[in-house]
Amino acid sequence: MASVYFITGNANKLKEVKAVLEPHVEVSSQAIDLEEIQGSIEEVTIAKCTKAAVLANGPVLVEDTALSFNALNGLPGPYIKWFLSDIGLDGLNNLLAAYPNKEAEAICTFGYCAGPGEPPILFQGRVQGKIVPPRGGRNFGWDPIFEYEGKTFAEMDVVEKTKISHRGKALDKLQSWLREQPRDTIA
């Protein structure tokens, strides 16, 4: 069976990725602290993927998540992790207090690299929703404030969320690509 290192220290993300890819590719985790450059979602993912392939010395999968508020012209975008860490869920909600537009886009970009010196390949999923006061469990990032069709991601079970989420859509694209590859081209 082909295998890949998913570079993450987030057990929830690892669980979601394994649930989708493991029938085809063995996924193991490496928690490598990767410096994140400033740039677009795609630039951040490519830089992380390229560096991870060198550090892991093999095939890697990285993931970058963005949450873009329409009223703020796409901010916090790929910097959502730092915004969430510094101001929390309530602070994120307060960023939009002065704006009637609460629409947001959740974006997940996976980068796969076959190894050092190989070009990363990107797979992206997007979901339109809106920012609401926190509802549901608070154990997975900004899920409690992102509402899609009447429910926050935190109010959905894993199966329901994976079917419609930005991460689920990106994983579907990645899984389709992996199935098209000859087994010997994936480490």
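The values are calculated or read from the model by the stated rules, or taken from the named source; none is laboratory data. Here the structure is a predicted model, which is why all the values come from computation and not from measurement. We place every Cβ from the backbone using ideal geometry, glycine too, and count neighbours over all the protein chains shown. These area figures cover heavy atoms from the full protein model, side chains too; ligands, DNA and RNA do not enter into them. Shrake-Rupley method; radii C 1.70, N 1.55, O 1.52, S 1.80 Å.
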Over region 3-180, relative contact order from alpha-carbon pairs under 8 Å, at least 6 apart, %: 20
Mean projected area in nm² (Cα convex hull; one quarter of hull surface) for region 3-180: 9.6
Mean accessible area per residue over region 1-123 (1.4 angstrom probe, all protein chains present, square angstrom) is 47
Net charge near residue 104, counting Lys/Arg +1 and Asp/Glu -1 over other residues with Cβ under 10 Å of its Cβ? -1
Please state the shape class of region 87-179: rounded when a/c is under 1.5, otherwise prolate if a/b exceeds b/c and oblate if not, all from the C-alpha gyration tensor. prolate
Within the accessible area of the chain, what % is carbon and sulfur when the probe is 1.4 Å and the other protein chains stay in place? 51
Accessible area of residue 179, 1.4 Å probe, to the nearest 10 Å²? 150
Computed magnitude of the charge dipole of region 3-180 (debye, nearest 20; Cβ of K, R +1, Cβ of D, E -1): 260
Cβ-placed point charges (K, R +1; D, E -1), dipole of region 1-53 about Cα centre in debye, nearest 20: 160
May I have the count of lysine pairs in region 3-180 with C-alpha atoms under 12 Å apart, counting pairs 8 or more residues apart or located on different chains? 4
